[in-house]
Structures are given as structure tokens and as C-alpha cells.
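**Q** For reference, the structure I am asking about is given below.
Any read-out appearing in this document is the output of simple, stated calculations on the displayed coordinates, not a laboratory observation. These numbers were taken from a predicted model, which means no experiment stands behind them. FYI the Cβ positions are ideal-geometry reconstructions off the backbone, even for glycines, and counts take in every protein chain you see.
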Amino acid sequence: MKSLVITILSLSLFALTGCDNDSDDPPAPSNTARVPHGISEPPVVEPDDSLTIDALKALGAKFKANSDGQITEVSLIGCPATDDDLQQLSKLSKLTSVRLNETQITDAGLETIGLLSNLTNLDLRGCGVSNTGMEHLVGLSKLRALRLSGESGVTTVDDGALADIGKLTNLKALLLDHLWVGENLPDLAPLQNLEELYLAKTLIDDTSLAALKQHPKLKKIRISQTQITDAGLEQLTTLMNLTELDLSENSVISDVGMSHLSKITTLTKLNLWRVALSDSGIEQLAGLVNMQWLNLDNTSLSDRGLIHLQGM
């Protein structure tokens, strides 16, 4: 039997320097050798502006760089960065990832972010941004991951922003936890490349859950702490690529809903923490033979019910 994890309880630059030679040897040949026909010279790498880097370091920023030493990722998580400070980011030509979690950034700062045309990853969790800020991001055609969260209470993005977010058609991961979203999920239909969708503690219900069918490439879904019922779970059975599902702390899901989950045989990770399940419901999951991680903490699983997990 394969192993199954079940939770029941809880750039360096090198320089060569030579010595002075006082001999009468003829001068060394010039280094300007001709490039063979058909081979182009390597492009000149423009270093990032040192004053820009110093300004970001003063804020406490952390960086990642490419093999040429150019900054590709900037993290300002928890730093005292303001909207004006974001102007420094526009001077980093190879920047692809920006993390602004828990900073003082507002919608005004997102005007600058919206001009970073190479951006593929943007994390705005815990920032005081709203639907207006999302309008500034619609030109980020390369963006693959957008993370928002209303857990701290300062982010006020809601259903009204989903039409703008839906214009980011290269998105593969979208995090909207703790936000007032649900009814307008159909506005995300253009996101045909979406693989990960996080909607914990949102307004999603059985009706709006049907909108997830419009994202056939979905692999990971988090819909914990919502009002989804047993009947709503049937909507998930059409997602043929689904491997990870988080249904934890859904108080109105019961043993009845497990009959729907039993049909999603692609699942490898399932979180049912604090779901009202008994041995009867867990028995219906026995056919999920691809399961690698299963959280049944705070359910009513008994010792007798463990036998149903042996085939996983």
C-alpha cells in the first residue's frame, strides 16, 4: 500500500588583473577580434541603477536576481513602503515579481504597478486597495498570479472588481480569500488558463459555485468556511484536472456530500477539517486511490472507520 499522510489530530563578478610588464615584448594583439559571420555579439547587459537599489534596501526590501545580476523579484512584505516608493520599481527593467503584503500601498500606488509590463507575480494581501486599484492592473498581460486577501479588513475588493480581474487572461493563480466575492464569479470566465482559485470565507454558495465549470484547467480549489452544501459539491465533479480541494470548516457539508467527492478520482489532497463527517461518509471516499494527503481532524471518524482508508 502506498504511503498516505492522514491528519486526524490535529552573483558574483570575477575580474582578472595582471601585473605591469616592463619588458620590450611587443604589445599584445587587440581584443577586438572579429565576430565570425553569422554569429551575433552578446547583448550588453545594463546593470540596475544603484541609487534605486539603495533606496529599496533602505525600506528593508529583499531581492532575487537573474544570472546577469539584474533584479527580478522584490519583496517589501511588512516594510514601511508607500505609494511614492513604488516609483523605484519602474527603474528595474527585468522585474517580474512584486510582493507588497501588509504595506501602506493604496490604489494610487497600483497606478505605478500597472505600468510594470513584465510582471508575472503580484501579491497584495493585506494592502489597502479597492476595486479602483484593480482597474489600474488590467494592462498586465503577462501576469500569472494575483493574490488578494481581506482577512485584515483593509482590502475592500469585491464582486465589482471581477470584470477587471477577468481581463488578466494569463492568470494561472488567483487568491481572493476573505473578500466579498461570489455572485460575480462568472465575470472571471475569460481566465481559461486558471489552475488555482482560492475563495476561503467568501460569499460563494451552491449557485455561484457553478461558475467554476468555466475554468476547465483548475487543479487547486480552496472553498473553506463558506456556505456550500452537499448539493453544491456536485458542481465540482466536472473538473477533470482537480487534484487539491480544501473544504475545511464548511458547517453545512455532511456525509451526503461525500458521494459527490467520491467521483473526483483525480484528487491527491483533500482537507475536510471540521466537517461534520462520520464513518459512513468517510467510507464513500475509499475509492480515491490517488490520495496522498487527507485531513480528517475534528470529524467523527472512529477507529472502526479507519478500515475505509486502507486502499489509499
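**Q** If you average the alpha carbon positions of the range 38-77 and of the range 105-171, how far apart do those two centres end up, in angstrom?
**A** Computed from Cα coordinates, the inter-centre distance equals 23 Å.
**Q** Order these by the 10 Å Cβ neighbour count, fewest first: Met258, Met312, Met134, Met240. Provide the component values of the computation, followed by the final result.
**A** Values: Met258 21, Met312 18, Met134 24, Met240 11.
Listing Met258, Met312, Met134, Met240 from fewest to most nearby Cβ atoms yields Met240, Met312, Met258, Met134.
**Q** Within a 10 angstrom radius of the beta carbon, how do Asp279, Asp177 rank from fewest other beta carbons to most? Don't skip to the answer; put the middle values down first.
**A** Details: Asp279 17, Asp177 20.
Placing the least packed residue first, the sequence is Asp279, Asp177.
**Q** Let me ask you something else. Looking at the square roots a ≥ b ≥ c of the eigenvalues of the Cα gyration tensor of the range 156-312, which shape do they give, rounded for a/c under 1.5, prolate if a/b is larger than b/c, or oblate? Intermediate results must be reported in sequence, preceding the final value.
**A** Values: a/c = 2.45, a/b = 1.79, b/c = 1.37.
Verdict is prolate for the range 156-312.
**Q** If the chain between Ser302 and Glu46 were fully stretched, how many nm would it gain, using 0.36 nm times the residue separation less the Cα-Cα distance? Walk me through the intermediate numbers first.
**A** Details: separation 256, 0.36 × 256 = 92.16 nm, distance 6.39 nm.
Full-extension gain reported as 85.8 nm.
**Q** Placing +1 on the Cβ of each Lys and Arg and -1 on the Cβ of each Asp and Glu in the chain, which of Ile113, Ser262, Gly126 has its Cα farthest towards the positive end of the resulting dipole?
**A** The listed residue farthest towards the positive side: Ser262.
**Q** Within the set of other residues whose C-beta is less than 12 Å from the C-beta of Thr299, count the net charge using Lys and Arg as +1 and Asp and Glu as -1.
**A** On the way: positive: Arg274; negative: Glu249, Asp255, Asp279, Asp297.
Result for the neighbourhood of Thr299: -3.
**Q** Give, rounded to the nearest 20 debye, the magnitude of the charge dipole that the range 50-116 has about its Cα centre when Lys and Arg contribute +1 at Cβ and Asp and Glu contribute -1 at Cβ. Could you put the intermediate results ahead of the total?
**A** Working: 6 positive and 9 negative charges, 67 e Å.
So the dipole magnitude of the range 50-116 works out to roughly 320 debye.
**Q** Determine the percent antiparallel among the DSSP beta bridges restricted to the chain, to the nearest 5.
**A** Of those bridges, close to 10 percent are antiparallel.
**Q** When DSSP assigns beta bridges and you keep just the ones with both residues in the range 44-123, what percent turn out antiparallel, to the nearest 5?
**A** Numbers: 4 of 10 bridges.
In the range 44-123, approximately 40 percent of DSSP beta bridges are antiparallel ones.
**Q** Mind running the shape call on the range 123-218? Use the C-alpha gyration tensor, a ≥ b ≥ c as the square roots of the eigenvalues: rounded below 1.5 for a/c, prolate if a/b tops b/c, oblate otherwise. Let's see the in-between values first.
**A** Details: a/c = 1.60, a/b = 1.10, b/c = 1.45.
Oblate is the answer for the range 123-218, as a/c is 1.5 or above yet b/c matches or exceeds a/b.
**Q** Treating only the Cα positions of the range 170-224 as identical point scatterers, give the base-10 log of I(q)/I(0) from the Debye formula at each q in 0.23, 0.28 Å⁻¹.
**A** Taking Cα atoms of the range 170-224 as identical point scatterers yields -0.85, -1.28.
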